[in-house]
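This report refers to the structure that appears directly beneath it.
Derivation of every value follows stated rules applied to the coordinates shown; laboratory data play no part. Here the structure is a predicted model, which is why all the values come from computation and not from measurement. Neighbour counts run over all protein chains shown; Cβ positions are idealised from the backbone, glycine included.
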Amino acid sequence: MRVLIVEDEPKAAAYLRRGLSEHGFVADVAAGGEEGLYLARQSRYDLLVLDVMLPGRDGWSVLSELRRTGDQTPVLFLTARDAVPDRVKGLELGADDYLVKPFAFSELLARIRTILRRGPARRPETLRVADLEVDLAAHRASRAGRRLDLTPKEFLLLSLLARRAGEVLSRTLIAEQVWDMNFDSGTNVVEVHVRRLRSKVDDPFARKLIRTVRGVGYVLEAE
Ligand code: CA
């Protein structure tokens with residue numbers, strides 16, 4: 001189980017990391033919101049332990065950004081504040097649980113185990129980019145209310161692009177995520193599928209959403 005700890009107080013972060021490692025977790029630490037968001041997007045974590053008060057981008061902002069882009073990684077909030085509005089805010093934003101500092105490590109561990117046992121039960125949301133809608137649960141996509149007829153691979157490719165909208169995704173990353181294969185420069189499977197996807201997602205519409213970034217990869221965004 002991999003856990004990302006986003007906590008700006010070095011002693012608290014080191015304490016959490018050590019404790020979690022001793023209990024069989026692989027724990028990474030990010031010292032700020034931006035770094036936390038970056039790491040959460042770079043690799044798959046089973047859980048995020050997210051401090052609310054962080055320099056720069058705070059915990060609320062990290063969580064809402066993750067949820068906005070369809071990332072449903074469970075989040076346990078840590079905060080020094082015990083105000084009810086804060087608690088409600090965290091849960092509304094899609095936090096899975098909430099722990100008020102100071103807490104006993106055993107309490108944290110118990111909460112983490114409960115969240116992980118519960119599993120990713122939440123129904124994945126619908127991703128929206130301009131007039132494009134990608135319903136992850138129903139495996140349906142539409143533009144301007146018009147249903148797009150996509151193959152399973154095309155749907156997977158589109159949901160990857162939509163989940164990470166605004167981010168340029170390399171061909172290597174796309175090949176790994178959609179085809180579960182290591183990119184071999186001899187194959188043009190990514191190009192071929194992007195072209196087919198475009199013919200359905202972009203060609204019939206004036207506004208183009210999928211953009212090629214030469215020498216880098218592809219990005220889906222509402223420019
Ligand atoms: Ca803090």
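Which percentage, to the nearest 5, of the DSSP beta bridges contained in the chain is antiparallel?
In the chain, DSSP labels about 50 percent of beta bridges as antiparallel.
Can you give me the distance in nm between label points at A104 and K11, each placed 7 Å from the Cα along the Cα-to-Cβ direction?
So the label points at A104 and K11 sit 2.1 nm apart.
When L47, L99, L220 are ordered from fewest to most other Cβ atoms inside 10 Å of their Cβ, what list results?
Neighbour counts put them in this order, fewest first: L99, L47, L220.
Could you size up the charge dipole of the chain around its Cα centre, putting +1 on the beta carbon of Lys and Arg and -1 on that of Asp and Glu, and report it in debye to the nearest 20?
With Lys and Arg at +1 and Asp and Glu at -1, about 640 debye.
If each of R140 and R214 carries a label point 7 Å out from its Cα toward its Cβ, how far apart are those two points in nm?
Reported label-point gap for R140 and R214 is 4.0 nm.
For the pair Q72/T151, report the inter-label distance in nm, with labels modelled 7 Å from Cα in the Cβ direction.
Each label point is offset 7 Å from its Cα along the Cβ direction, giving 2.6 nm.
Please report the orientation-averaged projected area of the chain, defined via the convex hull of its C-alpha atoms, in nm².
Orientation-averaged projected area of the Cα hull: 13.8 nm².
Setting aside same-chain residues fewer than 8 positions from K153, which aspartates and glutamates have a Cα under 14 Å from its Cα?
List returned: E176, D180, E191.
Of A13, W60, S43, which is farthest along the charge dipole of the range 2-117 in the positive direction, counting Lys and Arg as +1 and Asp and Glu as -1 at C-beta?
Value computed over the given set: S43.
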